[in-house]
Amino acid sequence: MGSRVLLLLVALFAIVSSIALASDPSSLQDFCVAASNSPVLVNGIVCKDPKMVGAQDFFFSGLQKPGNTSNALGSRVTPVGVTQIPGLNTLGISLARIDYAPWGINPPHTHPRASEILTVIEGSLEVGFVTSNPDNRLVTKILHKGDVFVFPVGLIHYQKNVAHGNTIAIAALSSQNAGVITIANAVFGSKPDIPIDILARAFQLDKTVVANLQSKF
């Protein structure tokens, strides 16, 4: 009987521990404004002395300005994270403005540390994400002004402007540092290069095609 109770307690502790570790820990203070010039390395950014904190630490200006979309992708992401607003440190949130030229794309990418909720402010977007193996199912939808779409954490997703004019969206992320892995850049532009024979076999391509793709990144 005692061994059963012990096993039950161990199992309960394991479940509670897994739940506790599945989210950010609760803050033990009002805020932890990032001290970006600190030489101390931690998982995140060291706190600034609260007595030295002011309104400017919680403020960012300029999100009304359109990003320059004159590039190969026809899009520009303007981030507003802990680098732009030090007061975001430890709060687990950030956002970004995304500008799209006509038919511009935000290419397939993933955020390893955050889910994303996207709101279309102007124009129309085709959006989509791909589920994990083995299904690899594409979930896609056309969004218009005022529409909102969610990209689950870690899943590859993309956006494409399907309007004849410029499109603007605001993305909110569930991390102060969501991270971005752009698939093409990571696979074909890694430093050093992933060996050509590995990519050729993985993508079922000729080695010369892989070499050409690597040269573009």
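A few notes on this one:
- Residue pairs meeting the criteria (Cβ under 7 Å; at least 6 apart or on separate chains; first free of Cβ contacts under 8 Å to residues at least 12 places away in the same chain and over 24 Å from R97 (Cα atoms), in segment 121-145; second open to solvent by less than 90 Å² (accessible area, probe 1.4 Å) and of a type in the set (S, T, Y)): R137/T131
- Residues located in segment 143-161, provided they are open to solvent by 20 Å² or more (accessible area, probe 1.4 Å) and either under 21 Å from T182 (Cβ atoms) or under 15 Å from the mean Cα position of the chain (by Cα) (or both): F149, V150, P152, V153, G154, L155, I156, Y158, K160
- Filtered residues of segment 174-195 (kept if open to solvent by less than 80 Å² (accessible area, probe 1.4 Å), closer than 20 Å to L73 by Cβ and part of a loop (DSSP other than H, G, I, E, B)): A178, G179, G189, S190
- Subset of segment 89-104 [aromatic (F, W, Y) and in a loop (DSSP other than H, G, I, E, B)]: W103
- Residue that is modelled with the highest pLDDT [pool: residues in segment 37-55 that are exposed (fewer than 10 other Cβ atoms within 10 Å of the Cβ) and aliphatic (A, V, I, L, M)]: A55
- Residue within segment 134-142 that is outside any strand (DSSP E or B), open to solvent by less than 60 Å² (accessible area, probe 1.4 Å) and not hydrophobic (A, V, I, L, M, F, W, C) present: no
- Condition broken by G2, with the remaining ones in (1) modelled with pLDDT under 85; (2) open to solvent by 60 Å² or more (accessible area, probe 1.4 Å); (3) of a type outside the set (A, V, I, L, M) satisfied: (2)
The values are calculated or read from the model by the stated rules, or taken from the named source; none is laboratory data. These numbers were taken from a predicted model, which means no experiment stands behind them. A quick note on method: Cβ atoms are made from the backbone with ideal geometry, for glycine too, and the neighbour counts reach across all protein chains shown. The area values use the complete protein model at the heavy-atom level, side chains included, leaving out ligands, DNA and RNA. Shrake-Rupley method; radii C 1.70, N 1.55, O 1.52, S 1.80 Å.
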